[in-house]
Amino acid sequence: MTGNETAQGPKHKRDLTRRKVVVAGAGAAVAVGVGASFAAGAFADESGKSGTSGASGKKSGSAETCYRLTSETTEGPYYIDADKIRRDITEDKEGIPLVLNLKVIDSETCEPIAGAAVDIWHCDALGIYSGYESLSTGGGGGGGTPPTDAPTGEPPSGEPTGEPPSGGTGGGIHEEPTDDERYLRGTWRTDKQGRVTFRTIFPGWYRGRTVHIHTKVHVDGEWTDSGYEGGHTCHTGQFFFDEASVLAAAEVEPYSTSTTERTTLEEDTIYDQSGTTGGLLKLKYNKKNIAKGVTGSITMGVDPDATNTGT
């Protein structure tokens, strides 16, 4: 870390000031894994234009349904400002194709927010996060390989001391990346209707957490020919999957090969059980063959004037 970085704060807490990357080939990659053809036309209704406006870009939201503020959640330990301006984040990861249709609106005015930068990131089908493969191997979600022996010694007494662990519950303590992989991470801009679509795979699970996808929404930055710069984070949240879809996915390889104990949606300590407001996705898929692919959608109500980094 240089002196300049120290003065500005840790890299993971600086709002997209490093997003000076070439926006090229976004959405061009072919989905990998089971039923890859499902997502071939995922972006057919999008222009994919880069544009240069970077303000929150509120537009008229005629006939728009008002939404309450979408729940803020922890950023979790595995966020990376990955410099990946792209809509297809699959890379070479195997899994059930997932098309994620998101919409961002101002929760007070119900108007779409155009030109926002939306991040998503999640683990692969076996619970591994890119950038943290050595930490998440074994389904520990940050705690390493889970213990196999029974506890020994006297039970602890008194009040706990020190920092809490950054393990499977998805706590907000940031971990520095341990490798250069960046699969299943990406950023793209919302269009004039506040919409953005990503192509990825159905996430797996790891110890202590239900199946989920992380997200951030950044506004008031600037889109240039080289990427997105500046701005602030107005929303940090997570998307969730209903139990029926997760149980169906668990029957498909490679998910079916996981030996990690799964936390249900009801048991999860991050999901607030509030449905769409809490980040629960609306899902569409063939109930007899989820392997063909899943489409998930949600409208996020955010406060563009707020700062919510999730840290």
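Quick notes on this structure:
- Rounded accessible area of THR260 (nearest 10 Å², 1.4 Å probe): 30 Å²
- Counting only Cβ charges, +1 for Lys and Arg and -1 for Asp and Glu, the dipole size of the stretch 161-311 around its Cα centre is about 860 debye.
- Estimated FRET transfer efficiency (GLU222, ALA244; beta-carbon r; R0 41 Å; 0.05): 0.45
- Using the 1.4 Å probe convention, the accessible area of the stretch 72-141 works out to 23 Å² per residue with neighbouring protein chains retained.
- Extension gain for the segment ASP305 to SER256, taken as residue separation times 0.36 nm less the Cα-Cα distance, is 13.3 nm to one decimal.
- Total charge dipole magnitude, the stretch 211-294, about the Cα centre, Cβ charges on Lys, Arg, Asp, Glu only, Debye to nearest 20: 500 debye
- Going by accessible surface with a 1.4 Å probe and the largest first, ASP191, ASP268 read ASP191, ASP268.
- Efficiency of FRET from Cβ geometry, GLN193 and ASN286, R₀ 30 Å, rounded to 0.05: 0.60
- Karplus (6.51, -1.76, 1.60) ³J(HN,Hα), θ = phi - 60°, over the stretch 231-240, in Hz, Gly and Pro reported as x: x, 9, 8, 9, 8, 10, x, 9, 9, 10
- Compared with the direct C-alpha span, the chain from ASP272 to CYS110 gains 56.0 nm at full extension, assuming 0.36 nm per residue.
- Accessible area per residue, Å², the stretch 187-309 with all protein chains present, probe 1.4 Å: 39 Å²
- Entries of LYS216/LYS282; LYS84/LYS216; LYS84/LYS287; LYS84/LYS284; LYS103/LYS192; LYS192/LYS216 with Cα pairs more than 22 Å apart: LYS84/LYS287; LYS84/LYS284
- Accessible area ranking (1.4 Å probe, heavy atoms, ligands and nucleic acids excluded), largest first, for ARG207, ARG195: ARG195, ARG207.
- Percent carbon-and-sulfur accessible area, the stretch 263-311, ignoring ligands, DNA and RNA, probe 1.4 Å: 45 percent
The values are calculated or read from the model by the stated rules, or taken from the named source; none is laboratory data. From a predicted model like this one, the values you see are computed outputs, not experimental measurements. Don't worry about glycine lacking a Cβ; one is built from the backbone with ideal geometry, like all the others, and counts go over all protein chains shown. Please note that ligands, DNA and RNA were not included when accessible areas were found on the heavy atoms of the full protein model with its side chains. Shrake-Rupley method; radii C 1.70, N 1.55, O 1.52, S 1.80 Å.
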